[in-house]
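Read the structure below first, then the notes.
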Amino acid sequence: MKQKYKGIIYIVLAAFCFAMMSTFVRLSGDLPSIQKSFFRNLVALIFSASILMKNKIGFSHNKGNLFLLIVRSTCGTIGILCNFYAVDHLLLSDATMLNKMSPFFAIIFSYLFLREKVNLVQIFSLVGAFVGCLFIIKPSGNLDMVPALIGLLGGIGAGAAYTTVRRLGQRGEKGPFIVFFFSAFSCIVVLPFMIFDYVPMTTIQFIYLIMAGLAAAGGQFAITAAYCYAPAKEISVYDYSQVVFSAVIGFFLFGQIPDQYSVMGYVLICGMAVYMFLYNTGKIGKSKSVQN
């Protein structure tokens with residue numbers, strides 16, 4: 001039980017770090033999302049490279065994993081770019097909540113590409129979470145909903161990336177190398193676009209972006225530690241505390257107050273996450289699985 005509590009502490013710490021990452025991204029002002037993504041991933045690249053060298057893991061991937069690494073990195077890059085755009089154009093809590101749809105999309109991708117079983121509880125949770133999304137997106141048919149749709153696309157990209165990471169783990173790829181490859185890939189891909197559309201930064205903007213990268217790295221280390229102490233099914237629901245942190249930070253720093261529809265969306269999505277958590281920990285009855 002003590003190990004589980006350590007896991008909870010670390011995953012809540014990770015949620016706080018990722019909320020701070022979004023805060024620093026927002027504070028860095030009117031810079032292109034690509035430029036923000038580059039500096040965020042540059043810090044992660046340095047950290048992951050340091051871990052690889054310290055642990056003498058090496059900088060080569062396992063045979064046959066290159067394609068999966070590229071897919072993971074492509075999806076992850078899309079996810080970050082969309083998330084950063086959403087952070088700049090939506091309430092901090094709205095952007096965070098849409099990004100937290102990633103576990104639900106991971107279920108879909110795992111079913112489609114990894115042929116993993118899907119049960120009735122997961123299907124019910126997916127439907128409920130998507131209804132919650134509609135409350136946040138507020139479909140209107142005009143351009144006002146575009147940032148929310150981009151934020152949701154970020155959740156889709158993250159979900160696809162997590163699914164690929166799971167497959168890479170099954171194929172024996174080391175976690176630090178996956179992070180290193182993704183960070184290097186993302187920096188290389190966005191670099192030409194950043195150079196073409198580079199916006200000069202003030203000192204404080206540069207500091208904010210470095211802090212965003214440090215917060216993201218802290219979140220990665222904390223979440224890795226969390227899952228070392230306890231299995232995902234026992235602690236993953238606590239990751240949604242990031243929404244609470246983002247809402248509090250958004251209120252005090254940016255004067256943001258979610259409307260009633262967004263709050264209803266938060267309740268629905270978090271409720272579905274809690275429902276799946278209770279199911280995975282055996283606190284509610286199991287349902288029969290549905291396969292391809």
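The values are calculated or read from the model by the stated rules, or taken from the named source; none is laboratory data. All of these numbers come straight from a predicted model, not from anything done at the bench. Every residue, glycine among them, receives a Cβ derived from its backbone with ideal geometry; neighbour counts consider all protein chains shown. In case anyone asks, the SASA skips ligands and DNA or RNA and just uses the protein heavy atoms, side chains included. Shrake-Rupley method; radii C 1.70, N 1.55, O 1.52, S 1.80 Å.
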### Task
With a 1.4 Å probe and all protein chains in place, put 20, 264, 101, 276 in order of accessible area, largest first.
264, 20, 276, 101
### Label selected from [x] 19.1; [y] 16.3; [z] 20.4, the criterion being mean projected area of the Cα convex hull in nm² as computed here
[y]
### Query
From the Cα gyration tensor of region 38-109, with a ≥ b ≥ c the square roots of its eigenvalues, which class applies: rounded if a/c is under 1.5, or else prolate if a/b is larger than b/c, or else oblate?
oblate
### Task
For residue 118, enumerate residues with amide H under 5 Å from its amide H, sequence gap 5+ or separate chain, H modeled in the peptide plane.
290
### Query
Counting only protein chains, not ligands or nucleic acids, how are 284, 249 ordered by accessible area (probe 1.4 Å), most first?
284, 249
### CD proxy at 222 nm, helix term only [per DSSP H run n ≥ 4: -39500 (n - 2.57); per residue of the chain; nearest 500]
-26000 deg cm²/dmol
### Task
Determine the shape class of region 52-148: with a ≥ b ≥ c the square roots of the Cα gyration tensor eigenvalues, call it rounded for a/c under 1.5, and otherwise prolate if a/b is greater than b/c, oblate otherwise.
oblate
### Query
Taking a ≥ b ≥ c as the square roots of the eigenvalues of the Cα gyration tensor of region 180-272, is the shape rounded (a/c under 1.5), prolate (a/b larger than b/c) or oblate?
oblate
### Message
I'd like to verify something in the chain: which complete DSSP H helices, judged by Cα projection on the helix axis, reach 15 Å or more and average at least -0.5 on the Kyte-Doolittle scale?
### Response
2-27, 33-54, 66-89, 102-113, 120-137, 146-170, 175-196, 203-229, 241-254, 260-280
### Query
Per-residue accessible area for residue 253 at 1.4 Å probe radius, Å² rounded to 10?
100
### Neighbour-limited loop hits for trypsin sites (Lys or Arg not before Pro), region 1-100 (at most 12 other Cβ within 10 Å; DSSP other than H, G, I, E, B)
56, 63
### Query
What nm value, rounded to one decimal, do you get for the distance between residue 46 and residue 4 when each label is placed 7 Å out toward the C-beta?
4.0
### Summary
The local net charge around residue 137, scoring Lys/Arg +1 and Asp/Glu -1 for residues other than residue 137 whose Cβ lies under 11 Å from its Cβ, equals -1
### Query
Taking a 1.4 Å probe, which of 201, 211 shows the most accessible area, and what order do the others take after it?
211, 201
### Task
Take the Cβ-Cβ distance between residue 131 and residue 60 as r, set R0 to 41 Å, and report the resulting FRET efficiency rounded to the nearest 0.05.
0.35
### Query
Per-residue accessible area for residue 67 at 1.4 Å probe radius, Å² rounded to 10?
150
### Query
Going down the list 54/174; 2/54; 100/138; 4/56, which pairs span over 19 Å between their C-alpha atoms?
2/54; 4/56
